[in-house]
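One structure below.
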Amino acid sequence: MFRRVLGNTLAFVGYTVQYGCMAHCAFEYIGEFVVCSGPSMEPTIVNQDIVFSERMSRHFCKIQKGDIVIAKSSFDPNMNICKRVIGLEGDKICTSAPSDAFKVPHICEQMSPFKSF
């Protein structure tokens, strides 16, 4: 009786550890669920939407205009912000007036897609 209960308990613990390791690897290397904050991406992504941030494409593709990147907020490191890429290194971007044109610096590591810090 005791041997059967101990065997079942150890089997349960073993399966739990295996599934925990698989979940960790999936979230670390494949992707994760992220809550994005802020109204700047509406109507595509609404404030507090949960999105799946995949991590595989950064190994196969470069960031392009129109891509959505997820970064940590500079005001609150526990909050994620979602932004659409409108320019890459060397591009000129105009805001409301032509005098507001500026060159886009390189994309910093903090703004790289699909990476959590």
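The values are calculated or read from the model by the stated rules, or taken from the named source; none is laboratory data. What you see is a predicted model, and the numbers here were worked out from it, not measured in a lab. Note that each Cβ is placed from the backbone with ideal geometry, even for glycine, and that neighbours are counted across all protein chains shown. Please note that ligands, DNA and RNA were not included when accessible areas were found on the heavy atoms of the full protein model with its side chains. Shrake-Rupley method; radii C 1.70, N 1.55, O 1.52, S 1.80 Å.
Just name the residue that is farthest from GLN48 (Cα to Cα) out of those in segment 60-79 that are of a type in the set (Gly, Ala, Ser) and open to solvent by less than 90 Å² (accessible area, probe 1.4 Å).
The initial filter retains those residues of segment 60-79 that are of a type in the set (Gly, Ala, Ser), namely 66, 71, 73-74.
Next cut, open to solvent by less than 90 Å² (accessible area, probe 1.4 Å) only: 66, 71, 73.
Values: GLY66: 21, ALA71: 14, SER73: 14 Å.
Among them, the one singled out is GLY66.
Which residues, taken from segment 37-74, are assigned to a strand (DSSP E or B) and among the polar types (S, T, N, Q)? Before you say what the answer is, go through the steps one by one.
First pass over segment 37-74, keeping only residues assigned to a strand (DSSP E or B): 37, 49-54, 68-72.
The answer is SER37, SER53.
In the list PHE60, PHE33, which residue meets the criterion of being within 30 Å of MET22 (Cα to Cα), over 11 Å from the mean Cα position of the chain (by Cα) and of a type in the set (Phe, Trp, Tyr)?
Details: PHE33 fails: over 11 Å from the mean Cα position of the chain (by Cα).
Sole residue among the options that is within 30 Å of MET22 (Cα to Cα), over 11 Å from the mean Cα position of the chain (by Cα) and of a type in the set (Phe, Trp, Tyr): PHE60.
Name the residues in segment 80-89 that are part of a loop (DSSP other than H, G, I, E, B) and either in contact with a Cys (Cβ under 7 Å, 6 or more places away or on another chain) or open to solvent by 40 Å² or more (accessible area, probe 1.4 Å) (or both), would you? Even if it seems obvious, please write down each step before you answer.
As a first pass, look at segment 80-89 and keep what is part of a loop (DSSP other than H, G, I, E, B): 85-89.
Residues satisfying the conditions are ILE86, LEU88, GLU89.
So, of the residues in segment 47-59 that are free of Cβ contacts under 8 Å to residues at least 60 places away in the same chain and more than 18 Å from ASN78 (Cα to Cα), which turns out to be least open to solvent (accessible area, probe 1.4 Å)? Show your work before the answer.
Of the residues in segment 47-59, the ones free of Cβ contacts under 8 Å to residues at least 60 places away in the same chain are 47-52, 56-59.
Now drop any that are not more than 18 Å from ASN78 (Cα to Cα), which leaves 56-59.
Working: MET56: 81, SER57: 32, ARG58: 93, HIS59: 127 Å².
The extreme case among them is SER57.
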